[in-house]
């Protein structure tokens, strides 16, 4: 929505709304999270094949602070790309990882461990000798199995993420989020880590 945002900033709300109404039937172009949502839908499709009666699937919610008039264009875009289930998801990252692990195990239970479409990495700037083992044990206690764990011992995460090319990357430090984003990785800040607690003190 770069063009639309420019109209809003330069010409004001009324011209912005007029433009949206005039282009209501034109879908937005895919954004940076598009491939991630497609990947989630691919996982859901496989789960439906394996567990036709199960309702444990990924839910996707679109949250926007744009004017309500933009809503129809957003709905038209979703229908055009046929990529979103009209549902919602709430909860902290721990809840997300627990749910991810539960879905992951559904593939394992069918003997598809090596062909599981869910692949997770732990990429940490710490060393394995410090808190790396604790991190792995914590994730395992949440039911999530990590495919690969990389302990960078202080090295930047960006170059490694550029090689892995994840659909999405979570980190509790903006330094790593910004570094990943500069290299083209969709990155999300999770304000629940040690760095945030230290800053509040």
Exercise. Restricted to the stretch 106-125, and to residues that are surrounded by fewer than 18 Cβ atoms within 10 Å (Cβ to Cβ) and either in the same structural domain as residue 35 (by TED's automatic domain parsing) or closer than 30 Å to residue 173 by Cβ (or both), which residue is modelled with the lowest pLDDT?
Worked result: 125
For this session: For the stretch 5-27, enumerate the residues that are within 24 Å of the chain's Cα centre (by Cα) and closer than 16 Å to residue 65 by Cβ.
Result: 5
Exercise. Would it be correct to say that residue 135 is in contact with a strand residue (DSSP E or B) (Cβ under 8 Å, 6 or more places away or on another chain), at pLDDT below 80 and either over 30 Å from residue 48 (Cα atoms) or not assigned by TED's automatic domain parsing to the domain that holds residue 55 (or both)?
Worked result: yes
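Assigned to a helix (DSSP H, G or I), outside the structural domain of residue 185 (by TED's automatic domain parsing), modelled with pLDDT under 85 and over 21 Å from residue 104 (Cβ atoms): is that true of residue 70 in this structure? Spell out how you get there, then give the answer.
Values: assigned to a helix (DSSP H, G or I): yes; outside the structural domain of residue 185 (by TED's automatic domain parsing): yes; modelled with pLDDT under 85: yes; over 21 Å from residue 104 (Cβ atoms): yes.
Yes.
The values are calculated or read from the model by the stated rules, or taken from the named source; none is laboratory data. These figures come from a predicted structure and were not determined experimentally. All Cβ positions, glycine included, derive from the backbone under ideal geometry; neighbour counts span all protein chains shown.
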